[in-house]
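Below is one structure, written out as structure tokens, with a few remarks after it.
The values are calculated or read from the model by the stated rules, or taken from the named source; none is laboratory data. Quick caveat: nothing in here was measured; it's all calculated off a predicted structure. So basically every Cβ, Gly included, is an ideal-geometry build from the backbone, and we count neighbours across all protein chains shown.
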Amino acid sequence: MMIANTRGFLWSDLETQALLGIWGEADVQSALDGNFRNSHVYRDVACRLAQVGFDRTPEQCRIRIKGLKRQYYQAKDGLPKGGPARKACKFFDEMDSILGARAAAGGPAPPRAGPAPEEETSREQAAEKALTGEGSSFTGHPVKVECAPFAIPVPPGHGFKHIGAQTSTPHLSQPKRPKKRHTSIPLDKMMGKLLQQSVDAEEKFFRYEEQRLKMEDKHRETERARELQMLQMLGQVLAGISSAVSQRAQPRPASPPQQRTHHRAYGDDITFNAMTAALSPPLVLERAFSLHKGHSVKDMETTFQLVRNIIPPLTTKKHKGQDGRIGIIGGCQEYTGAPYFAAISALKVGADLTHVFCTKEAAPVIKSYSPELIVHPVLDSATAVRDVETWLPRLHTLVVGPGLGRDDALLQNVKGILEKSKAKGVPLVVDADGLWLIAQQPSLIQGYPKAVLTPNYMEFSRLYEAVLRDPVDSNDHHGAVLRLSQALGNLTIVQKGERDVISDGEQVLVCSQEGSSRRCGGQGDLLSGSLGVLVHWALLAGSEKTNGLNPLLVAAFGACALTRQCNKQAFQKSGRSTTTTDMIAEVGPAFKKLFET
Ligand SMILES: NC(=O)C1=CN([C@@H]2O[C@H](COP(=O)(O)OP(=O)(O)OC[C@H]3O[C@@H](n4cnc5c(N)ncnc54)[C@H](O)[C@@H]3O)[C@@H](O)[C@H]2O)[C@@H](O)CC1
Ligand SMILES: Nc1ncnc2c1ncn2[C@@H]1O[C@H](COP(=O)(O)OP(=O)(O)OP(=O)(O)O)[C@@H](O)[C@H]1O
């Protein structure tokens with residue numbers, strides 16, 4: 001049903017009748033009986049009113065009923081039937097059938113009509129007469145403006161004068177006012193003026209009333225926020241206590257994955273479960289809090305140890321390719337450096353082979369940078385998807401996006417490659433223009449558990465807005481990364497920046513390894529290439545080696561720390577002239593320093 005926008009000050013007759021119909025219902029009356037706290041009843045009344053097409057707040061309904069009751073009791077209280085007060089109470093009959101029945105049934109005694117200094121029945125009656133036929137219209141219903149049926153506070157000096165308003169209700173003890181004569185003013189003009197003043201005063205009153213209600217709402221919100229905060233703190237304390245108790249009660253199980261019975265088995269294919277996502281936030285917040293709040297050097301040291309655990313030992317028993325065959329999807333006419341940086345970084349971290357799948361034009365350029373790289377000039381060919389697909393079984397991880405560009409035809413091919421990779425269970429690192437593609441079509445990656453996204457600030461905002469249809473809250477980085485990860489089906493996300501924030505929707509890690517103030521282009525490519533290798537190693541090692549922590553989180557943390565350390569070391573040598581090439585030269589020493597000493 002269409003709801004009429006009736007949130008003004010005035011009630012149309014139709015609206016008032018609808019209100020009375022609802023308010024007069026037996027269940028409403030009995031709910032109100034002897035109940036001083038009646039806000040829930042008026043909430044219900046407002047709800048029912050909305051169902052018949054009138055949009056009013058519970059407070060507006062309560063005030064309206066209060067006014068009608070006052071009018072009714074005044075009209076009833078000693079004033080003759082058919083007299084002006086009875087006529088002024090337009091809804092006398094309706095009120096009487098409700099309140100009269102209540103009184104007859106032994107309901108609460110009606111309140112005495114208290115003094116209502118500003119409410120003058122004769123004036124009201126006259127005003128109504130003057131208005132007949134002049135009513136404005138709300139959503140097509142004729143509206144008769146009524147004088148406020150209760151005392152309207154009129155600030156002094158607002159021009160409200162009681163022109164010709166000597167009351168004819170002798171039982172109301174009104175303060176005496178000086179008599180004024182307006183014999184020279186025609187009656188209809190006088191009435192018009194009177195009516196206008198009355199309406200103005202009424203509007204003013206309702207404006208005050210609405211302001212008061214707004215302030216009450218604000219107050220309630222603050223209270224609610226405080227309660228929530230208290231609950232979260234309580235949750236943390238309880239979680240702390242329960243984990244301490246369970247640690248004391250039982251020794252650590254031999255198989256770490258069992259510690260996370262409600263978690264997924266890493267590396268297993270799972271489909272995104274909307275139910276889980278809907279149910280998980282409280283748990284997630286609690287876990288995230290415990291991890292990222294008060295994140296200390298000790299926390300980082302623990303995670304460093306986990307990275308060390310996943311690094312495969314160097315032995316003479318292995319053959320070429322075992323420590324990593326990494327594919328890079330990217331490289332076009334404009335960007336040849338990015339895929340090179342990613343591929344060479346993967347090799348420097350310890351991968352045995354890297355394959356760059358790029359456009360025909362970019363291939364000779366990329367090849368010329370380094371003989372170490374295997375380069376496939378296939379990405380812009382009509383058979384691109386098939387060409388890459390034949391290589392997929394031989395690749396441990398695919399890094400999608402460095403230097404890819406945003407050409408539609410290329411992106412279309414990459415879409416196909418992503419689908420094939422998912423079908424074959426190939427782990428994916430998506431960066432740069434790969435993230436552009438995901439922002440256009442999040443379902444391409446949503447729910448794929450072997451994916452890691454590595455957005456920078458801009459890429460993160462773009463993705464967040466595309467998926468959550470909301471701007472990023474810049475005051476809550478951790479929450480934003482957590483939410484995006486959950487919305488994408490618990491993908492691992494690395495938000496790069498001054499501190500790298502990493503989350504899989506359940507936990508949040510922060511990497512604040514010291515880097516430098518030098519922000520040359522290509523550092524992200526170094527990160528995504530390194531991450532390609534670490535993802536392979538982490539999944540191979542499994543969660544036994546990561547103490548139950550998601551191996552992809554450990555891999556991401558390792559790649560972030562390594563990139564930042566390279567940045568620091570290169571900057572110490574080259575200062576402002578540091579480039580990504582300088583950083584790549586530091587991969588070996590930085591890796592050794594962080595993970596092998
Ligand atoms: N030598 C090369 O071939 C390089 C190529 N690159 C490629 O260039 C393509 C476009 O990458 P872009 O990163 O420019 O992507 P975008 O076109 O999305 O631009 C990102 C923009 O965000 C800005 N930005 C980044 N961090 C920010 C922050 N914290 N606050 C505010 N603004 C911020 C940057 O200045 C940039 O203008 C990608 O394919 C990428 O791989 C880059 O990797 C750099 C090196
Ligand atoms: N303000 C900063 N302080 C320290 N390190 C930073 C800062 N901003 C980014 N980094 C680090 O730089 C690396 C690359 O992040 P960046 O935001 O430059 O990625 P990117 O824009 O994708 O890079 P690229 O130029 O390759 O596209 C990350 O490891 C990140 O930790």
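What residue, among those in region 345-372 that are within 27 Å of Pro589 (Cα to Cα) and crowded, with 24+ Cβ neighbours inside 10 Å, is farthest from ligand 2 (Cβ to nearest atom)?
Ranking the qualifying residues of region 345-372, first place goes to Ala351.
Need a quick list: helices (runs of 4 or more DSSP H) entirely within region 345-446 having at least 2 residues that are free of Cβ contacts under 8 Å to residues at least 12 places away in the same chain.
362-369, 384-391, 408-424
If I ask for residues that are within 29 Å of Thr336 (Cα to Cα), in contact with a Gly (Cβ under 9 Å, 6 or more places away or on another chain) and more than 16 Å from ligand 1 (Cβ to nearest atom), which ones from region 492-510 would you list?
Thr492 - this is the single residue of region 492-510 that is within 29 Å of Thr336 (Cα to Cα), in contact with a Gly (Cβ under 9 Å, 6 or more places away or on another chain) and more than 16 Å from ligand 1 (Cβ to nearest atom).
Mind telling me which of the residues Val481, Val467 ends up being within 16 Å of ligand 1 (Cβ to nearest atom) and either closer than 25 Å to Trp391 by Cα or under 15 Å from the mean Cα position of the chain (by Cα) (or both)? First the steps, then the outcome.
Details: Val467 fails: within 16 Å of ligand 1 (Cβ to nearest atom).
Sole residue among the options that is within 16 Å of ligand 1 (Cβ to nearest atom) and either closer than 25 Å to Trp391 by Cα or under 15 Å from the mean Cα position of the chain (by Cα) (or both): Val481.
Residue-wise test of (1) basic (Lys, Arg); (2) more than 16 Å from ligand 1 (Cβ to nearest atom).
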{"residue": "Arg519", "(1), (2)": "yes, no"}
{"residue": "Gly522", "(1), (2)": "no, no"}
{"residue": "Leu527", "(1), (2)": "no, no"}
{"residue": "Ala538", "(1), (2)": "no, yes"}
{"residue": "Ala541", "(1), (2)": "no, yes"}
{"residue": "Thr546", "(1), (2)": "no, yes"}
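Are there any pairs, at least 6 apart or on different chains, whose C-beta atoms fall under 9 Å, with the first in region 322-340 and within 14 Å of Val375 (Cβ to Cβ) and the second away from ligand 2 (no atom under 15 Å from the Cβ) and among the basic types (Lys, Arg), and if so, which?
Pairs that qualify, where the first residue is within 14 Å of Val375 (Cβ to Cβ) and the partner is away from ligand 2 (no atom under 15 Å from the Cβ) and among the basic types (Lys, Arg), are Gly327/Arg394.
Determine, yes or no, whether Ala555 is more than 10 Å from ligand 2 (Cβ to nearest atom), closer than 17 Å to Phe591 by Cβ and surrounded by fewer than 23 Cβ atoms within 10 Å (Cβ to Cβ).
No.
What is the residue count in region 419-444 for residues that are of a type in the set (Val, Ile, Thr) and over 17 Å from Val388 (Cβ atoms)?
Total meeting the criteria: 1.
Give the residue, chosen from Leu437, Leu404, Leu392, Leu453, that is over 20 Å from the mean Cα position of the chain (by Cα), within 24 Å of Phe341 (Cβ to Cβ) and away from ligand 2 (no atom under 16 Å from the Cβ).
After ruling out the rest, the residue left standing is Leu392.
Name the residues in region 281-321 that are of a type in the set (S, T, N, Q), loosely packed, with under 10 Cβ neighbours inside 10 Å and at pLDDT below 50, would you?
Ser296
Within region 175-194, does at least one residue satisfy the condition of being assigned to a helix (DSSP H, G or I), modelled with pLDDT under 70, under 54 Å from the mean Cα position of the chain (by Cα) and under 25 Å from Ile63 (Cα atoms)?
Within region 175-194, none of the residues are assigned to a helix (DSSP H, G or I), modelled with pLDDT under 70, under 54 Å from the mean Cα position of the chain (by Cα) and under 25 Å from Ile63 (Cα atoms).
If I go through region 312-362 residue by residue, how many of them are of a type in the set (A, V, I, L, M) and within 14 Å of ligand 1 (Cβ to nearest atom)? Quick ask: steps written out before the conclusion?
Filtering region 312-362 for residues of a type in the set (A, V, I, L, M) gives 314, 326, 328-329, 338, 342-344, 346-347, 349, 351, 353, 356, 362.
Add one more test, that the residue is within 14 Å of ligand 1 (Cβ to nearest atom), and what stays is 328-329, 338, 342-344, 356, 362.
Number of matching residues: 8.
Can you tell me which residues in region 490-510 are of a type outside the set (A, V, I, L, M) and surrounded by 24 or more Cβ atoms within 10 Å (Cβ to Cβ)?
Matches in region 490-510: Asn490, Thr492, Gln495, Asp500, Ser503, Asp504, Gly505.
Looking only at residues that are out of contact with any Lys or Arg (no Cβ under 9 Å at 6 or more places or on another chain) and not in a loop (DSSP other than H, G, I, E, B) in region 42-58, which one is surrounded by the most Cβ atoms within 10 Å (Cβ to Cβ)?
Result: Phe54.
Report every pair of residues separated by at least 6 positions or lying on different chains whose Cβ atoms are under 8 Å apart, first residue within region 510-531 and more than 26 Å from Gly479 (Cα to Cα) and among the basic types (Lys, Arg), second part of a loop (DSSP other than H, G, I, E, B) and more than 6 Å from ligand 2 (Cβ to nearest atom).
Between residues of region 510-531 that are more than 26 Å from Gly479 (Cα to Cα) and among the basic types (Lys, Arg) and residues that are part of a loop (DSSP other than H, G, I, E, B) and more than 6 Å from ligand 2 (Cβ to nearest atom), the close pairs are Arg518/Thr578.
Within region 480-505, how many residues are out of contact with any His (no Cβ under 7 Å at 6 or more places or on another chain), in contact (Cβ under 8 Å) with a residue 24 or more places away in the chain and not aliphatic (A, V, I, L, M)?
10
Could you please give the count of residues in region 558-597 that are of a type outside the set (D, E, K, R), over 23 Å from Leu509 (Cβ atoms) and part of a helix (DSSP H, G or I)?
Step one: of region 558-597, the residues of a type outside the set (D, E, K, R) are 558-563, 565-567, 569-572, 574-575, 577-581, 583-585, 587-591, 594-595, 597.
Now drop any that are not over 23 Å from Leu509 (Cβ atoms), which leaves 570-572, 574-575, 577-581, 584-585, 588-589.
If we keep only those that are part of a helix (DSSP H, G or I) too, we end up with 570-572, 574-575, 577, 580-581, 584-585, 588-589.
Result for region 558-597: 12.
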